[in-house]
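Colleague: First the structure, which I've put down as structure tokens, then a few questions once you've had a look.
Just so it is clear, none of the values below were taken in a lab; they were calculated from the coordinates. If you're wondering where the values come from, they're calculated on a predicted model, not measured in any experiment. FYI the Cβ positions are ideal-geometry reconstructions off the backbone, even for glycines, and counts take in every protein chain you see.
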Amino acid sequence: MQHRGASPKGHDYNDAMGDRDGGKRVQPRVRVRIRVTLKGKYGPAIHGWTGNISLSGAYVETQGGFPVGSLCSVSGLANLRGDLLKLRAEAKIVRHDETGMGIWFTKLGPEAADAIRPLVEHNR
């Protein structure tokens, strides 16, 4: 599944990374703690925890981060009611703050979407 919510030129990324359409949330976002690893083209991998996640992106709590605009791969495991779900995606860093960074999923395969969807539904 290719995400098509936000402009690739960076428009409105601070508005929930493409989760909003005219001010209304398009993709529900929920607070879910998932240990994730982000790997960029250069430098060491970054480990962190999601603060929230949706089908279009996530906020990852980290120490340090990749530059805004850079691309990375995202991987993690989530335990949902005893089922281990694999999360794998390609993402773009869209913002930084003191505690982490916002990522926008540029490529989210069916397995990752199938893993995120029940997390969103289960935690609404």
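Colleague: How many of the residues making up segment 23-64 are assigned to a loop (DSSP other than H, G, I, E, B) and under 14 Å from the mean Cα position of the chain (by Cα)? It would help to see each step written out before you state the result.
Modeller: Start the filter on segment 23-64 by keeping residues that are assigned to a loop (DSSP other than H, G, I, E, B), which leaves 23, 26-29, 31-34, 41-45, 54-56, 62-64.
When the remaining residues are screened for being under 14 Å from the mean Cα position of the chain (by Cα), the result is 27-29, 31-34, 54-56, 62.
Residues meeting the conditions: 11.
Colleague: Take the residues in segment 66-124 that are of a type in the set (Asp, Glu) and assigned to a strand (DSSP E or B), then tell me which one is farthest from Ala45 (Cα to Cα). Steps first, please.
Modeller: To start, the set of residues in segment 66-124 that are of a type in the set (Asp, Glu) comprises 83, 90, 97-98, 111, 114, 121.
Restricting the remaining residues to those that are assigned to a strand (DSSP E or B) gives 83, 90, 97.
On the way: Asp83: 26, Glu90: 14, Asp97: 19 Å.
It comes out as Asp83.
Colleague: With the requirement that a residue be touching a residue at least 40 places away in the same chain (Cβ under 8 Å) and either closer than 21 Å to Gln63 by Cα or touching an Asp or Glu at 6+ places or on another chain (Cβ under 9 Å) (or both), what does segment 81-91 give you?
Modeller: Pass one, segment 81-91, residues touching a residue at least 40 places away in the same chain (Cβ under 8 Å): 81, 87, 91.
Selection gives Leu87, Ala91.
Colleague: Starting from segment 50-68, keep only residues that are over 14 Å from Arg33 (Cα atoms) and free of Cβ contacts under 8 Å to residues at least 24 places away in the same chain, then list their pairs with residues that are of a type in the set (A, V, I, L, M) and part of a strand (DSSP E or B) whose Cβ atoms are within a distance under 7 Å, requiring at least 6 positions of separation or different chains.
Modeller: These pairs meet every condition: Gly64/Ile46.
Colleague: Just to be sure I understand, how many residues within segment 68-85 are in contact with a strand residue (DSSP E or B) (Cβ under 9 Å, 6 or more places away or on another chain) and either surrounded by 13 or more Cβ atoms within 10 Å (Cβ to Cβ) or closer than 18 Å to Arg31 by Cβ (or both)? Outline the logic, then answer.
Modeller: Going through segment 68-85, the residues in contact with a strand residue (DSSP E or B) (Cβ under 9 Å, 6 or more places away or on another chain) turn out to be 68-79, 84-85.
Checking which are either surrounded by 13 or more Cβ atoms within 10 Å (Cβ to Cβ) or closer than 18 Å to Arg31 by Cβ (or both) leaves us with 68, 70-79, 85.
Looking only at that region, the number is 12.
Colleague: Taking the condition surrounded by 14 or more Cβ atoms within 10 Å (Cβ to Cβ) and aromatic (Phe, Trp, Tyr), does Tyr42 pass?
Modeller: no
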